[in-house]
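Here's the structure, in structure tokens; my notes come after.
We did not get these values from a lab; they are worked out from the coordinates using the rules stated. What you see is a predicted model; the values in this text were computed from it and never measured. Note that each Cβ is placed from the backbone with ideal geometry, even for glycine, and that neighbours are counted across all protein chains shown.
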Amino acid sequence: MKKNDEPLIYLVDDDEAVRDSLGMLFRSIGLHFESYGSALEFLQRYDSARQSCLVADIRMPGLSGLELQQRLNEQRAEIPIIFITGHGDVPMAVTAMKSGAADFVQKPFRDQDLIDRIHKALERDGERRKGRAEEDAIRARIALLTPRENEVMQRVVRGQANKVIAMDLGVSQRTVELHRARVMRKLKLRSVAELVHAVDRIGGVPAVDTAATQ
Amino acid sequence: MVAAEFQALLDAAVDAIIVIDERGHIITFSRAAERMFGHAAADVVGKNINVLMAEPHRSRHDGYIERYTSGGEPHIIGKGREVEARRANGEVFPVSLAVGEATDGHKRRFVGIVRDLSAQRAAEQRARSLELRLAHVGRFNLMGEMAAGIAHEINQPLSAIATYAQAGKRVLEHSAVDVAMLADICGKIDDQARRAGQVIANLRKFIRKQDIDTQSLDVAHVVADVITLIEADARSEGIAVHVRNEEALPRVRADAVQLQQVLLNLTRNSVDAMRGGGDKGRGIVIATQRSERGGVKITVTDHGHGVSAHLGDNIFHPFVTTKRDGLGVGLAISRTIIQSCGGTLTYADNPDGGSIFTIDLPAEHSPTSAT
């Protein structure tokens, strides 16, 4: 049984020998992998929750490598892709690169070259997941704020002084200071700079309906 | 008929006219006969007709006449046939020979009318060799168009071999060497090297052969032998190829390489028709089945853009093409090849979008089968 937290290589190639030989290479160095003969089979089994990368032939009957990449983009699956290409696939490779493919190896390739790229891709996927987890945590904490706290936070992020916020909201400056302190506590942040960075990282927060609170 | 009129008729006839008696001796030798055989009438009149014949009839002819005059069934009289004749200089040439019989009292005469077929044969031969050369050029042309696909098809096993070898090297680096795995790897490298060799062997066979070798063929085998090349071409564009063979099909008479050339031409067109779109998953279907008239039907169905209606049957004419860089001879050559086997090659629109080309070949022993 493979442990589910081990990084995984998804291998997709319609050519059985290419698939088998790569599988053997991965096995010889103890990498976890699952191999599929077609892009559709892979899409049915792909587990987006797991740290992984995709090694796929760019030319395949049925769903080609590029079409597979398109499907993954549509599903917002940000799995790093390493395409295996043949001679004369440069235009395809360029298209793939523009659509966000991680990397390429040209057949026949050096094993170390492929393995290095796989390690890099898995590492990048790991970092992306870590970043994603942190963002999710920020969002979860912001969800704990009351509407009034949220309002104050947004004004702080926009650079408004406590005095201005107090006047706008028709409360005392002291009340604004209390809201601010609670926001920082709930978000586990220490400075305005950290707050701005956190909100920026999750792409901003939707404005709350201030009319209801006035 | 008076003698003068008869002589005029003899002299004017384009075909050679020769009259012999019942012992086979020449009595009359026309002008055309003199020209055709290179003998002067004076030199051959009175001689045995067999001086004009090639073996085996030359030495058997006296026997033929004797058998017939002593009550046997005639083998040639009133029927006419193609035989070989011999000129004065020893050259053997093909003729068509018709023999009639005249009875003058108790004497029997045989009249032979001989037409020289050598010019016609030579023209046929030239046409055949031109067709053959055109077919051969067509194969090169096809291979040129398929070069990318073939390179890919050879690169696949090479890539697998390299990866197997690299995996093997890593296995050797482990402290406990897995001998069974190494043996497995070596076997697979061997398989893949053969696979690459097979692609090249198929290619060579397809390109090199120039003589027609008409023989009894199992259509399913013919398809199986060319499928590597077809797949090489289709796969490089991401197009699937499906083969469906009906069981126990009658055999056909054709040249295997030429039939493969037709198939490859059709699938090549299909690949072009699907390059820019179409249903690549359903791709190309090659199906063999028994035809209504007891022969074999091979259909090549694709899901590409089809043939535009205004072209119609013109697609089979040479130099009619919808491809920017195509020569437009593929389908013309294909139809010639199929017709020379007594078959037909036709086109129909695919109701699901795309084209259906149908090769209909007579069964090997059917009367419509060409020789």
Checklist entry - Viscosity 1.002 mPa s, temperature 20 °C: Stokes-Einstein D of the stretch B:1-109 from its Kirkwood Cα radius, in µm² per second? => result 147
Next on the checklist: Through the Karplus equation 6.51 cos²θ - 1.76 cosθ + 1.60, θ set to phi - 60°, convert the phi angles of the stretch A:58-67 into ³J(HN,Hα) values in whole Hz; use x for Gly and Pro.
Outcome noted: 7, 9, 9, x, x, 7, 7, x, 5, 5
Checklist entry - If you keep only loop residues by DSSP, which trypsin sites (Lys or Arg not before Pro) in the stretch B:20-80 have at most 12 other Cβ atoms within 10 Å of their Cβ? => result B:R23, B:K79
Next on the checklist: I'd like the trypsin sites (Lys or Arg not before Pro) in the stretch A:103-206 restricted to DSSP loop residues with at most 14 other Cβ atoms within 10 Å, sorted by number.
Outcome noted: A:R110, A:R158, A:K188, A:R190
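Normalising by the residue count of the stretch B:1-144, find the relative contact order in percent from Cα pairs under 8 Å and 6+ residues apart. Each step should come with its number before you reach the end.
Numbers: 209 pairs, mean separation 30.3, N = 144.
Across the stretch B:1-144, relative contact order equals 21 percent.
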Checklist entry - Amide H to amide H, which residues 5 or more places from A:F109 or on other chains are under 5 Å from it, using H placed in the peptide plane? => result none
Next on the checklist: Sort A:42-52, B:269-279 by packing, meaning the average of other beta carbons within 10 Å per residue, with the highest value first.
Outcome noted: B:269-279, A:42-52
Next on the checklist: Using the Cα centre of chain A as origin and beta-carbon charges of +1 (Lys, Arg) and -1 (Asp, Glu), tell me which of A:F26, A:I115, A:A77 is placed farthest towards the positive end of the dipole.
Outcome noted: A:A77
Checklist entry - Could you give the angle, 0 to 90 degrees to the nearest 10, between helix B:57-69's Cα long axis and the longest principal axis of the Cα atoms of chain B? => result 60
Next on the checklist: Quick query: amide H of B:G306 versus all other amide H atoms, modeled in the peptide plane; which residues come in under 5 Å with a sequence gap of 5 or more or a different chain?
Outcome noted: B:G354, B:S355
Item to check | Cα-based helix-to-principal-axis angle, A:192-201 vs chain A, degrees rounded to 10 | outcome: 40
Next on the checklist: Could you derive backbone 3J(HN,Hα) for the stretch A:8-17 from the dihedral phi with the Karplus parameters 6.51, -1.76 and 1.60 (θ = phi - 60°), listing whole Hz in sequence and x where the residue is Gly or Pro?
Outcome noted: 10, 9, 8, 10, 10, 8, 6, 8, 4, 5
Checklist outcome for this item: Between B:G295 and residues 5 or more places away or on another chain, the pairs with built amide H atoms under 5 Å apart involve B:A363
Item to check | 12 Å Cα-Cα reach of B:K47 towards aspartates and glutamates, excluding residues that sit fewer than 8 places from it in its own chain | outcome: B:D21
Checklist outcome for this item: Charge tally for neighbours of B:D21 with beta carbon under 15 Å away, counting Lys, Arg as +1 and Asp, Glu as -1, is 0
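Would you calculate, for chain B, the mean residue ellipticity at 222 nm contributed by helices, counting each DSSP H stretch of 4 or more residues as -39,500 (n - 2.57) and dividing by all residues, to the nearest 500?
Using -39500 (n - 2.57) per qualifying helix, the result is -15000 deg cm²/dmol.
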Item to check | Dipole of chain B [Lys/Arg +1, Asp/Glu -1 at C-beta], most positive-end residue of B:Y68, B:V296, B:V19 | outcome: B:V19
Checklist entry - Quick one: Karplus J couplings for the stretch B:139-147, per residue in order, coefficients 6.51, -1.76, 1.60, θ = phi - 60°, nearest Hz, x for Gly and Pro? => result 5, 5, 4, 4, 4, x, 5, 9, 3
Checklist entry - So how strong a dipole does the protein assembly as shown carry about its Cα centre when Lys and Arg Cβ are +1 and Asp and Glu Cβ are -1, to the nearest 20 debye? => result 1900
Checklist entry - Total Lys pairs in the stretch A:58-214 closer than 29 Å by alpha-carbon, pairs eight or more apart in sequence or interchain only? => result 9
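Please give the direction-averaged projected area of the C-alpha convex hull for the stretch B:182-243, in square nanometres with one decimal.
Values: hull surface 24.7 nm².
Its average projected convex-hull area is 6.2 nm².
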Next on the checklist: For the stretch A:3-120, take N as its residue count and report Rg(C-alpha) divided by 2.2 N^0.38 Å.
Outcome noted: 0.97
Next on the checklist: From zero outward in steps of 10 Å, how is the percent of C-alpha pairs of the protein assembly as shown spread across the bins?
Outcome noted: 3, 12, 15, 13, 13, 11, 9, 7, 6, 4, 2, 2, 2, 1, 0, 0
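Run the dipole for chain B about the Cα centre, Lys and Arg Cβ at +1, Asp and Glu Cβ at -1, nothing else charged, and hand back the magnitude in debye, nearest 20.
Numbers: 43 positive and 46 negative charges, 96 e Å.
Computed about the Cα centre, the dipole is about 460 debye.
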Next on the checklist: What does the net charge come to around A:E123 if you take all other residues with beta carbon closer than 13 Å to its beta carbon, with K and R at +1 and D and E at -1?
Outcome noted: +2
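How big is the charge dipole of the stretch B:48-185 about its Cα centre, in debye rounded to the nearest 20, if each Lys and Arg gets +1 on its Cβ and each Asp and Glu gets -1 on its Cβ? Spell out each step's value before the answer.
Numbers: 18 positive and 17 negative charges, 151 e Å.
Dipole size: approximately 720 debye.
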Checklist entry - Using helices alone, what [θ] at 222 nm do you get for chain A, with -39,500 (n - 2.57) per DSSP H run of 4 or more residues, divided over all residues and rounded to the nearest 500? => result -17000 deg cm²/dmol
Checklist outcome for this item: Projecting the Cα atoms of B:L264, A:M167, B:L345 onto the charge dipole of the protein assembly as shown, where Lys and Arg contribute +1 and Asp and Glu -1 at Cβ, the residue farthest towards the positive end is A:M167
Checklist entry - Under the definition of partner shielding as Cβ atoms of other protein chains within 10 Å of a residue Cβ, what is the mean value for peptide A:8-19? => result 3
